[in-house]
Structures are given as C-alpha cells and as structure tokens.
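Please treat every number below as a calculation from the coordinates, not as lab data. Quantities reported herein were computed from a predicted structural model and do not represent experimental measurements. Methodologically, a virtual Cβ is constructed for each residue, glycine included, from the backbone with ideal geometry; neighbour enumeration extends over all protein chains shown.
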Amino acid sequence: MDSYVTASQGTEVTVKPAALENERQSPVGRQRGSATDILTPRASAGIAGVLLAMFALLTVGVATGWAPLASLDHAVGRWAYDHTYGHQLLRQFWLTITTVGQPWALRLILLATAAFQAWRRRWSIAGWLLATVVAELVLAPSAKYMLSRPRPYWRNPITLTGGLGYPSGHAAAASMFVTTVTLLVFTTVSRRPSRWLCVGTVTVTCVLVPASRIFLGVHYLTDVLAGLLLGTAISLSTWSAFVRHMPRAPFTEVR
C-alpha cells in the first residue's frame with residue numbers, strides 16, 4: 001500500500017490498490033469457496049447414515065406389520081384412491097406425472113449431464129454423477145427383495161403395474177435426482193436466481209412423482225417414504241466420497 005502526508009493537515013493517508021478499493025466500495029462483492037463449503041464429507045456421510053437408519057427402522061416396522069404403520073398405509077391409500085378413481089382429469093394428471101418421472105428418464109438426464117461435465121473435463125463431477133446413477137440403479141431395485149412386499153390390491157384398479165412395492169423405485173429415483181441436482185447446481189451455477197429456479201423445479205418433481213404413485217394406487221405411503229430415504233441417502237453417500245475432488249465452487253454474489 002502507498003501512503004503520503006498532506007501538506008495542509010499533516011495527516012497520513014493510506015492509498016489502497018484500485019482493485020481492492022473498487023471491491024470494497026461496491027455494494028455487491030463476489031466470493032468463491034470450496035465445494036466442501038456446500039456440504040462437507042463428514043456432514044453428508046452423517047446425514048446419509050441417519051437416513052439409512054430411518055430406512056432400516058421403517059423396514060422393520062413394515063416387515064413386522066406394526067399396527068400404526070399398517071393403519072396409516074391403508075388410511076392414506078384409501079383416501080388417495082377415493083380422490084382419484086372416477087375422476088378422469090386427475091387420473092390423467094397423475095399418469096402424466098408418473099410417466100415423466102420414470103426412473104430411467106431421471107437417470108438418463110443425470111447421465112447426459114455427466115457426459116457434458118466430462119466433455120468440459122470436470123472429471124470429478126462426471127464421476128460423481130455416474131457413481132450416483134449406478135448406485136441407485138443397483139440398490140433401489142435390489143432393496144425390493146428384502147421384503148418382497150406386494151403392491152396394494154384394488155378390486156377396480158386405477159392403473160395396472162407389475163413388480164414389488166417396497167421401496168418405491170419412482171420415489172427413490174426422484175429423491176436421488178433432486179438431491180443430486182441440488183448439489184450440482186450449488187457447485188456449478190453462480191447466479192442465485194438460476195440456482196433457486198433449478199432447485200425449485202426439481203423439488204416439485206420430487207414431491208409430485210412419489211405422490212403420483214400413491215394417488216394411482218400402486219404404492220403404499222411407507223413404500224414411498226422408504227424410497228425417498230434410500231434415494232437421498234445414496235446421493236449423499238456418493239457426494240461424501242467425491243466432494244474433496246470437486247472443482248472450486250463458482251463465484252457467488254454477496255452483499
């Protein structure tokens with residue numbers, strides 16, 4: 001820093017470099033941090049552990065036929081069925097949501113994003129996205145064989161689908177998708193409005209897609225809750241393994 005003494009007052013004045021002075025005078029500054037500032041490996045692993053513990057407890061409750069859970073499943077299922085059956089517009093709405101939110105569609109979006117990140121030579125992000133998709137693709141369908149729980153039975157079903165019920169594959173993929181996209185956005189997108197627009201959009205997906213499975217009568221509430229817990233835990237677990245190798249987070253505007 002440079003300094004000088006004024007002739008009239010005899011006081012020393014410090015002159016700061018122009019770049020620093022402009023940064024200080026500007027009402028909006030810019031900060032850049034590590035990707036671990038978003039969610040540290042320890043924190044993400046800890047949250048994933050809690051979610052997996054909740055998943056295990058829920059699984060035990062379902063497996064043992066715990067009465068409060070069974071009553072909740074049937075009450076919510078009946079309410080959702082009654083509000084959809086016979087209402088063609090609602091039925092079509094939920095069928096559209098469940099089709100758009102197919103697990104394979106959400107996985108393909110993340111795989112395409114991984115390819116784009118690899119093209120930009122962001123290998124750690126691409127590897128994380130690929131590992132997350134593969135983990136969900138293997139673990140979520142495999143988890144269905146823990147209980148081999150059948151889907152809800154209705155004399156007049158709203159729609160027909162096969163396979164086992166617990167946990168919901170749609171819910172697992174949706175929660176994995178929204179968690180992964182949220183972390184990705186905060187890692188790669190600098191503008192706050194764009195961040196929150198992306199996060200808001202995928203959050204709506206995470207809410208509507210699992211809900212569609214209940215309103216269409218193809219899953220119990222506990223199926224969906226288990227899927228949400230499992231999918232989120234998968235994404236956070238892979239994040240904790242890859243985050244230390246992520247590129248620095250982008251500049252963000254701060255006031």
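May I ask you to order 83-95, 214-226, 156-168 by the average number of other C-beta atoms within 10 Å around their residues, highest value first?
214-226, 156-168, 83-95
Modelled label-to-label distance, L72 and H245, 7 Å Cα→beta-carbon offset: nm?
3.9 nm
Obtain the nm distance between the two label points defined at S148 and W79 by a simple spin-label model: each point lies 7 Å from its Cα along the Cα-to-C-beta direction.
With each label point 7 Å from Cα toward Cβ, the separation is 3.3 nm.
If you average the alpha carbon positions of the stretch 125-147 and of the stretch 94-124, how far apart do those two centres end up, in angstrom?
Rounded to whole Å, the Cα centres lie 13 Å apart.
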